[in-house]
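Novice: Questions regarding the structure given below will be posed in turn.
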Amino acid sequence: MLDVVLIDLSGRHPLLRSEISASFIDSDQLVLDARRLRFAGPQELTAIVTLASSASTDGRDVVLRMPDDEDVASYLQRMNVVDLLAPIATIDGTLTSQRRVDCSTKLLEVTALSPGNADSIAESLGRMGESQLSNRTAMAAFHGIAELIDNAVTHGRAGSSGAFVAAQAYSGLTSKRPGLEFAVCDAGIGVLPHLRQNPTNAYIADDETALRRALVAGVTGTQQMRGYGLSDLLDATRRGGVGRLVLRSGSAIASVVVRQKRIITCRNVTTPIRGAWAWLRVRVP
Amino acid sequence: MTQVKPDPALPTTYAVRRHGTFLATRALAKTALRELEDTLAAATADGTVAIDFTGVVAMSISFADEFLGRYYGMLSTSLDAPPAVVLLTGLNDDNFESMTVCLQRRELVAAMANAEGVRLVGAPAVLNQTYHAAGDLGRFTAVHLADRLGISAPNANNRLKRLVAARALIRHRRVAERGGKEFSYETPSPPAAMPSVA
C-alpha cells in the first residue's frame, strides 16, 4: 500500500487548506515536517497527534520535525503535542523548558478523547466559552462543540483508534471579534463508510457526496431517527454568531461558512486521511 | 374508580444538574435516562414528577433527544403507566430551545412549569390552544372540550390523548352512571416551590 511518508506543514494553518502537501512512497515511516510552519491552531495540533498516533498504531516509525520558528515550536510544546508524541515518535528539533501557567479559561491542550472523558471536556469547553464570549455566542459554540464531540465518540470510535481534541479562545484584540476555535480529529471509520452502514445511503459512492449528505438534516449512518448533529451545529452557530466549519474525511473536504446563509463548498482532494477531522470556529457577530 | 389528584407540593424531583452544567453526549444522556427510570421506580412515583434543569446551563439537542426524547417516546406508548404528571422545571431559554427542537422532531410534547404556571413545550398551535382551553375548564370531559373549541368529540379525544401521553394532563377514570367507563381531565398545578432558572 502506498502510504504518506512526508507531510509538509508550512505557512499558516496548512491543514485548513484543501490540499495537504504530502509525498507518497511505500515506506514504514511517517515524517511530519513542521520546520516551515508559521502559524498553527487546534486543527494542526490535533491532526499532527492523530496522524502520528495512527501511524504508530500501524507499526510505522514517526518523526516530527519541530518548527524553526521559536514561537510556533513553543506553542506546539505548550499545547501538549510534544508530550503526546514523545513516547511514539522521534522529535527532531530543539525543545525549550516551559513553565506552565493554567490557561484553562482560554485553551484546551491537545487531549485524547474517549467516551470516558468526552463530557468533562465538553463541560470545560462550555465554561471556556462562557468566560470568554457573549452568552449567545458561547451557547452557539457549546452546541457546535457538543455535536462534534458526540460524533467523534459515537461514530469516530474515539478511544480505540485514537481521537484528539484541542481548543483555543481568543479575545479579538487583533481581529476585533472574540471567538473560539475547536478541533477534533479521529482515525475511526470515516464519514462515507459510516453513512453507508444505513442501507438508505448505500448509493453514496464517494467521500465528497458523503460530506455533502452528512451536512443535511436527518442523514444518518444509523437506522434511528438521528443525523441532525451537523445541521444543528450550523443552525446554532447562525443563531449565536458567525462561524466556519471545515470537515475532512477520506478524499474530500467540506467548508461551511455560516453567516446569514450557509455557503457550502465540497471538493475532492489528492491526499486522503483516515477517519474524520473537524474544525469549528465560532465568533461574536 | 377515581384517581387521586397528585399533591403538586410534593413532586418526585430528578435533578439533571447532577450530570453537569453543560451536557453533551448521547452516552451521558443514556445514563441520565437510566437513572431517571431507577429514581422513579424506587420512589414508586405515580404522582407528579419534576425533571429539574436548575443549574444546567446548556444541553446539546443530541443529549435532549437521547434523554427526554426517548423518555417521552416511552411514555406516549402507555397512557395508563405512571407517573400521572411529568413537568420540566428550571428550563432556561437555551434548554427550552433544545427541548423544543427535540420534541418537535419526534412529534411529541411535554409540559413545563415555571413561576407563571404550566405550559407546553414543542406543541403545535392547535395543541397549545387546546391546553389553554383545558386550563380554563377546570375538570372537564372530552365533550366539554369539544363544545368549548367547536370541534368534534373524536377530534377532542385525539388531542386529549396526546396531552395525557405527555403526562401534561391528569386523566381520571370512573364508572359512568349508565355503565362503561368515563374519563374526565384536568391540568396539573405547578409544584408549590418552583426552582430558579440557571
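Novice: Would you pull out the residues with amide H under 5 Å of residue A:269's amide H, same chain only if 5 or more places away, H placed 1.01 Å from N?
Specialist: For residue A:269, whose amide H was placed from the backbone, the distant partners under 5 Å are A:252, A:253.
Novice: When the Kirkwood hydrodynamic radius is evaluated over all pairs of different C-alpha atoms of the stretch B:12-186, what value in angstrom, to one decimal, is obtained?
Specialist: 16.7 Å
Novice: How large is the helix-only mean residue ellipticity at 222 nm for the protein assembly as shown, computed as the sum of -39500 (n - 2.57) over DSSP H runs with n ≥ 4, divided by its residue count, in deg cm²/dmol to the nearest 500?
Specialist: -10500 deg cm²/dmol
Novice: Another one. Taking the 0 to 90 degree range and rounding to the nearest ten, how far is the long axis of helix B:26-42 tilted relative to the main principal axis of chain B, both from C-alpha atoms?
Specialist: 50 degrees
Novice: Further question on the same structure: Can you tell me the accessible area per residue over the protein assembly as shown, all protein chains present, probe 1.4 angstrom, in square angstrom?
Specialist: For the protein assembly as shown, the per-residue accessible area is 43 Å².
Novice: Give the angle, between 0 and 90 degrees and rounded to the nearest 10, that separates the Cα long axis of helix B:125-137 from the longest principal axis of the Cα atoms of chain B.
Specialist: Helix B:125-137 sits roughly 60 degrees off the main axis of chain B.
Novice: Let me confirm one metric for peptide B:23-34, namely the mean number of other chain beta-carbon atoms within 10 Å of its residues' beta-carbons.
Specialist: For this peptide, the per-residue mean of nearby foreign Cβ atoms is 5.
Novice: Over its Cα atoms, what ratio of radius of gyration to 2.2 N^0.38 Å does the stretch A:133-285 give? Before the final figure, lay out each step's value.
Specialist: Details: Rg = 15.0 Å, N = 153, 2.2 N^0.38 = 14.9 Å.
Working it through for the stretch A:133-285, the quotient is 1.01.
Novice: While we're here: Hey, how many Å between the Cα centroid of the stretch A:245-260 and the Cα centroid of the stretch B:149-190?
Specialist: 50 Å
Novice: To the nearest 10 square angstrom, what accessible area does residue B:147 show with a 1.4 Å probe?
Specialist: Its heavy atoms expose roughly 110 Å² to the probe.
Novice: Work out the mean other chain Cβ neighbour count within 10 Å for the residues of A:123-130 and drop it here as an integer.
Specialist: Taking the mean over all residues of the peptide, I get 4.
Novice: Okay, next question. Would you mind calculating the gained length between residue B:192 and residue B:116 on full extension (0.36 nm times residue separation, minus the Cα-Cα distance), in nm to one decimal? It would help to have the intermediate numbers written out before the result.
Specialist: Working: separation 76, 0.36 × 76 = 27.36 nm, distance 1.19 nm.
Gain on extension, residue B:192 to residue B:116, equals 26.2 nm.
Novice: Another one. B plus A alone minus the pair: what accessible area, both sides summed, probe 1.4 Å, in Å² to 100?
Specialist: Its buried surface, counting both partners, is about 1800 Å².
Novice: Right, another one. Could you rank the peptides A:237-249, B:95-107 by their average count of other C-beta atoms within 10 Å per residue, with the highest value first?
Specialist: Top to bottom by mean Cβ count within 10 Å: A:237-249, B:95-107.
Novice: Quick one: how many Å² of residue A:262 are accessible to a 1.4 Å probe, rounded to 10?
Specialist: Rounded to the nearest 10, the figure is 70 Å².
Novice: When Rg is the radius of gyration of the Cα atoms in chain A and Rh is its Kirkwood radius, what does Rg/Rh come to?
Specialist: When Rh is taken as the Kirkwood radius, the ratio is 0.95.
Novice: Using 1/(1 + (r/R0)^6) with R0 = 22 angstrom and r between the beta carbons of residue A:19 and residue A:263, what's the FRET efficiency to the nearest 0.05?
Specialist: The formula returns an efficiency of 0.65 here.
Novice: Per the 1.4 Å probe, what fraction of the accessible area of the stretch B:12-186, in percent, lies on carbon and sulfur atoms?
Specialist: That share works out to 48 percent.
Novice: OK, next. What ranking, highest mean first, results for peptides B:109-115, A:91-97, A:14-20, A:198-204 when packing means the other Cβ atoms within 10 Å averaged over each residue?
Specialist: B:109-115, A:14-20, A:198-204, A:91-97
Novice: With the radius of gyration and the Kirkwood radius both derived from the Cα set of the protein assembly as shown, what is their ratio Rg to Rh?
Specialist: Using only Cα positions, Rg/Rh for the protein assembly as shown is 1.07.
Novice: Could you pull out every one of the lysines with an alpha carbon less than 24 Å from that of residue B:181, ignoring same-chain neighbours closer than 8 positions?
Specialist: Partners found: B:5, B:161.
The values are calculated or read from the model by the stated rules, or taken from the named source; none is laboratory data. Computed from a predicted structure; not experimentally measured. Cβ coordinates were reconstructed from backbone atoms using ideal geometry, including for glycine residues, and neighbour counts include every protein chain displayed. To get the accessible areas, we keep the full protein, side chains included, count just its heavy atoms, and leave off ligands, DNA and RNA. Shrake-Rupley method; radii C 1.70, N 1.55, O 1.52, S 1.80 Å.
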